[in-house]
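Here, each number is a calculation from the coordinates, and none is a lab measurement. On a predicted model such as this, the values are computed, not experimentally measured, just so you know. Here the Cβ positions follow ideal geometry from the backbone for every residue, glycine too, while neighbour counts run over all protein chains shown.
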Amino acid sequence: MTLRNFQRVDITDPQVREMQYRLEETLRPVTGSSILDGILISDISLASGTTTKVPHKLGRKLVGWIVVGKSAAQHVYDENSGQTDLGTYLYLTADGTVTVNVWIF
């Protein structure tokens, strides 16, 4: 998912034009936020000590990720260092067997 920027329409009415500028100014922090421009991947099964290659479908290199749910009290970390295909995959590892939901942005 990619957040789209607000597109102004070329209108001659000065009040409508001003409203468009104010709306664009208001929406810029939202559309420009990398953390909001993400995708939720659910039910990722991770096995102890095994790196799992997770396709993220962002269409760009990932900026970061957050575990938003997990089935067990296990530490989850990435193995992204040195990977060349972060535009397509996130590499996750866990200390023990766990199923996680991850917000990737």
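Computed from label points 7 Å out along Cα-Cβ, the spacing between residue 52 and residue 18 is 5.5 nm.
Were the residues from residue 26 through residue 85 laid out at 0.36 nm apart, the gain over their Cα-Cα distance would be 17.8 nm. Against the chain, whose longest principal axis is taken from its Cα atoms, helix 14-31 shows a tilt of about 10°.
Give me the aspartates and glutamates in straight-line cross-link reach of residue 57: C-alpha distance below 14 Å, same-chain residues under 8 apart excluded. Straight-distance partners of residue 57: 37, 85. Among the GluC sites (Glu not before Pro) in the stretch 11-105, those placed in a DSSP loop whose Cβ has at most 16 other Cβ atoms within 10 Å are 79. Give me the log10 of I(q) over I(0) for the stretch 39-104 at q = 0.22 Å⁻¹, as the Debye formula computes it from C-alpha points; what are the numbers? Those come out to -0.86, one per q. Evaluated with a Cβ-only charge set (Lys, Arg +1; Asp, Glu -1), the chain carries a dipole of roughly 100 debye about its Cα centre, given to the nearest 20.
Loop-resident trypsin sites (Lys or Arg not before Pro) (DSSP state other than H, G, I, E or B) in the stretch 33-105 with no more than 14 further Cβ atoms inside 10 Å of their Cβ: 57, 60, 61. Of the chymotrypsin sites (Phe, Trp or Tyr not before Pro) found in the stretch 1-66, the ones in coil according to DSSP and having at most 15 other Cβ atoms within 10 Å of their Cβ are 6.
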